[in-house]
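The values are calculated or read from the model by the stated rules, or taken from the named source; none is laboratory data. Since the structure is predicted, the reported quantities are computational estimates derived from the model, not experimental observations. All Cβ positions, glycine included, derive from the backbone under ideal geometry; neighbour counts span all protein chains shown.
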Amino acid sequence: MKYKYLFFLFLGLFVLANADRLVLIKVLPTQRSEAVQMNVSIYQDLKDALVVGLDDKFEQILRNKGWQIEVLDKELVPDEYFLVYKVGPGKNSYPGRILLDSDRSTMVRMSESEALQAKAQGFEMRRLHAHPIQTAQPLELISMPRHDTLIQRMVQAVSLDSLLATLVRLQNFRTRYTYSRKCDTAAWYLRDRLQAYGLPTVYDIYLAGTQRDTSYNVIATITGQVRPESIVIICGHFDSYSNTPYTLAPGADDNATGTAAVIEAARILSQYQFRWTIKFIAFSGEEQWMLGSYHYVDSVAVPQQLKIGGAFNFDMIAYTAYDSMRMYVNRNAASTLLAVLAESLNTQYNVGLNLVNYLDEDCAGDNTPFWEHGYKAVFACEDTEWGIWNGSNPHYHTTHDTIGIIRLGQVLRGAKLGVACVAAMAGPIGLNAIQEDGDISSEAFDFIPAIIKSVIKLPGNKRAELFDITGKKVYQLLPGNNDIHHLASGIYFVRQEQCKYTSKIILQH
């Protein structure tokens, strides 16, 4: 096995240095691990096939091994490959040369001028960049969590008034088109909102193309107390688009709704501590085919080898063409567990959504860059992507995408789902067993002991006492934050006043 691995590694390095044609390699399940070992750069991963650059010699080696190969372009030109999506009738004349066609998208070779012409004609498209095949980060499997009273409080704290305030403010920018200054102003507003919750907040700055010097993603962080290197992300894009993007693109549904869910999650979760790190990300550049999220994944997540356990992307969650409570969790096969988690939490915490776990390996959104690099991610949306592009939301990318056309109750439910998913995955640290009414049965008193670093946060206006393992009272706990860093690491017990049940904590400096 050692020599086999070295063989494929050598071939992979050779290919990277000498690739001169674009080919389609059919990959059987038994061959996929070999493809990963080759470390070959790919332009598109079709799960059962790879679009890659090869040279004559390596192509012949693979053919001799029995691999099925189809030449798509005899001359490899890395900057001229685009994925073009069929978004409506009458758009069947593609500029450039079609290399690979499917019912969802078409791979086309275009010059820069042809690409600009295609964009002017209204094609949805993105440039394909070569990237290595990567496997998911080695994190522990997510188990389906039991009901957690802290998460229940978080879900119940989601406020329609708070969500509506964010929606109105974002809509009132009139446009948040990535290439307009208003988009920068919206980014500053989002930064201020996140900082107001006491969260460290930074700009992730990138070049958005020739029309603008810079654009901004906005990122806020809650650092995990137990496994800070493990990360869960909740994200949505705040830029907007319409037929008059520079002057009027209110983008209430697309995507003030998803951005509002991210901001609301930050407002609520900033009041708690978690085992894992949580990142709240507002991306720009999504309407230009995920410029912002591609920059974050390609220039931050991958180079820094971030251990992202899952990303929950919220985009267009409030226009209900079919069912007033239906929401789709679009996912690829690798992200199935995240979709199942969302289904479970929707039921556990009575979120109230008619949730559809929908497999779509080609669903393009801010989830796409994560998928391409082996990270798990899901795309929560009011419909499938194909449904939206075929007219399920008639206000999509128009000046009529205002608060008046969306269902506010669905925004509320979507935000609750986001809070539940992120909190459950990150693992809240708190006094799970201290109930507001103090009246719980011993059967219900079944919880995972809270792991505390140095501060116990006592919710509400309750008081409690802290005992060591010998039964000696060592601290009087008051409402709010209680600093117990001076106590030795070990097991302690918390007893709420006038409550006969006791909860266990683990103090771990």
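What the table shows:
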{"read-out": "Single residue of T185, T201, T244 found to be among the hydroxyl-bearing types (S, T, Y), under 29 Å from A120 (Cβ atoms) and without any contact (Cβ under 8 Å) to a residue 40 or more places away in the chain", "value": "T185"}
{"read-out": "Any hit, the range 300-307, residues being among the polar types (S, T, N, Q) and in contact with a Lys or Arg (Cβ under 7 Å, 6 or more places away or on another chain)", "value": "no"}
{"read-out": "Filtered residues of the range 99-117 (kept if within 31 Å of the chain's Cα centre (by Cα) and at pLDDT 80 or above)", "value": "L99, L100, D101, T106, M107, V108, R109, M110, E112, A115"}
{"read-out": "Test: A282 is assigned to a strand (DSSP E or B) and under 19 Å from L170 (Cβ atoms)", "value": "yes"}
